[in-house]
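This report refers to the structure that appears directly beneath it.
The values are calculated or read from the model by the stated rules, or taken from the named source; none is laboratory data. Keep in mind that what you see is a predicted model, and the values were worked out from it rather than measured. Cβ placement follows ideal geometry from the backbone for every residue including glycine, while neighbour counts extend to all protein chains displayed.
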Amino acid sequence: MSMHKRFRVLILGAGFGGLAAARRLRGSPDVEVTLIDRNATHSYYPMLYEVATGFRHGRDMVGEAALSRGASISYERILARWGCGFVQAAVAAVDPGKKVVRTDDGDEHPYDHLVVSFGFTSDFFGIAGLEERAFTLSSLEDALAIRRRVMDYLDRKKRGQEVSLRILVGGGGATGVETAAELANFFHGRQKAGDLHSGDWNIRLVEASPRLLSMLPTEASAAVLKRLEKLGVKVMLDTCIKRVEDRHVVLAPRPLRPGESLDALVCEFRAEAERSFEAEVILWCGGIRGSASTAMLGLAVDRKGRIPVDPTMAAQAPDVFAVGDCAALTDPESGKPVPNLAQSAIEMGELAGENIIRRIHGLPLRSFRFHAYPTVIPLGGKNALAHIGTWTAAGLVGFAVRQAASFGYWLKILPFHVALRDFVRSTFSYMSND
């Protein structure tokens, strides 16, 4: 009697796209799935700003653990019920010709099909001094590092020291806006309570475009700007970071486009070549690129370090698929690049998993179809802006939409009772900081 062959599927990187591929493949009698990731836990990136701004929790390991639980979960808790294997290790080399992956512990992992989901790294655009001086918010460790830096300031303030905290956030996209808003909401609340004064803190948000959140309608961007200004955030548009010198950030008007005059900029100091600001904390949220690990495959990458894929998520190597932030995909209908969003990474991963099954059975592969995903931007405390199609809601309604979206994701990867318990626990933990 012949044995039913099970094809070995390796998934490199267990972020949104990698987990989505594993979820699609779970239970299939045709495959044996193993995920490889250097971390033991899956980070829920939309909640990292809550960890970074969780100042009411203690500085000890208990306080950090309480914050971390709402933004991370053990891979073993997720994958065990899916029947998938997990290897905690860093990928050291990939040989698409021999179909073998080697990890940093020296082990070799052969595969029949490979899903690459290495994720992203921050893009500093060659700005002098920025990478060395700035915090980023791309991992749980990053979020905790930001929190510790701000907690140092708060501790010195409690001891009666005359200190002020100047924070500069680079990038007016979702991460920059929500982090600046949550920081300002906390400081604004402490100021109302009399614990801080207006001169004790300062937050600047720098964005090179003429408005925040350029993917949203103009009215929604204006509403976000109004909310940030109400919280005391100084928003500087049409402004870019030119270089960082120790604790000084040198800003300049953004470069002019062909035919554009300086008067067209909304930069507040467009008559000057540059201006310097002091900052104890610099947070860079101004751009991402594909992980440097993608180079291991020896495939061509685009200018953002991402692996070009066709609409089926297949790369230019036998039985290799790439998904998420390390994949460069053009929407076949619009001809535009698919944006780097959690929702698109999840759909890419699901499609890659489905197409592996279809390839095994000799069926035609399906193509990616881009959807207009809902956008939810937390704006400090129980306030958020939600934009779905032509509908926009702000304030508490937007916050409710945001909570529903987060709970929906936990339901995808956890049993209902576990998802509900963890979600409620983390919600109360984070709301205690408002």
Any hit, the stretch 111-122, residues being modelled with pLDDT of 95 or more, of a type outside the set (S, T, N, Q) and closer than 30 Å to H197 by Cβ: no
Hey, A386 surrounded by 15 or more Cβ atoms within 10 Å (Cβ to Cβ) and among the aliphatic types (A, V, I, L, M) or not: yes
Some residue of the stretch 252-260 being in contact with a helix residue (DSSP H, G or I) (Cβ under 9 Å, 6 or more places away or on another chain), in a strand (DSSP E or B) and either free of Cβ contacts under 8 Å to residues at least 24 places away in the same chain or more than 24 Å from A143 (Cβ to Cβ) (or both): yes
Subset of the stretch 394-434 (residues that are under 20 Å from A345 (Cα atoms) and among the aliphatic types (A, V, I, L, M)): A404, A405, L411, I413, L414
Strands (runs of 3 or more DSSP E) contained entirely in the stretch 93-191, each with at least 3 residues that are assigned by TED's automatic domain parsing to the domain that holds A314, more than 16 Å from the chain's Cα centre (by Cα) and farther than 19 Å from V281 by Cβ: 100-103, 108-110, 113-116
Single unsatisfied condition, F428 versus (1) farther than 30 Å from A223 by Cα; (2) without any contact (Cβ under 8 Å) to a residue 60 or more places away in the chain; (3) of a type outside the set (G, A, S); (4) in a helix (DSSP H, G or I): (1)
Residues located in the stretch 153-170, provided they are charged (D, E, K, R) and surrounded by 15 or more Cβ atoms within 10 Å (Cβ to Cβ): K157, R166
Sole residue being surrounded by fewer than 17 Cβ atoms within 10 Å (Cβ to Cβ), at positive phi, at pLDDT below 95 and not assigned by TED's automatic domain parsing to the domain that holds V233, chosen from G381, G408, G395, G362: G395
Pairs with Cβ under 8 Å, 6+ apart, first in the stretch 182-200 and at negative phi and modelled with pLDDT under 85, second assigned to a helix (DSSP H, G or I) and among the hydrophobic types (A, V, I, L, M, F, W, C): none
Enumeration of residues in the stretch 201-248 that are in contact with an Asp or Glu (Cβ under 8 Å, 6 or more places away or on another chain), not in a loop (DSSP other than H, G, I, E, B) and not polar (S, T, N, Q): V235, M236, K242, V244, H248
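Return yes when A220 is touching a residue at least 60 places away in the same chain (Cβ under 8 Å), more than 20 Å from G54 (Cβ to Cβ) and touching a His at 6+ places or on another chain (Cβ under 6 Å) and no when it is not. It would help to see each step written out before you state the result.
Values: touching a residue at least 60 places away in the same chain (Cβ under 8 Å): yes; more than 20 Å from G54 (Cβ to Cβ): yes; touching a His at 6+ places or on another chain (Cβ under 6 Å): yes.
Yes.
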Whichever residue in the stretch 93-102 is in contact (Cβ under 8 Å) with a residue 24 or more places away in the chain and of a type in the set (A, V, I, L, M) and, among such residues, is surrounded by the fewest Cβ atoms within 10 Å (Cβ to Cβ): A93
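Among the listed residues R306, R254, identify the single one that is modelled with pLDDT of 95 or more and touching a Cys at 6+ places or on another chain (Cβ under 8 Å). Break it down stepwise before answering.
Details: R254 fails: modelled with pLDDT of 95 or more.
Checking each option against the conditions leaves just R306.
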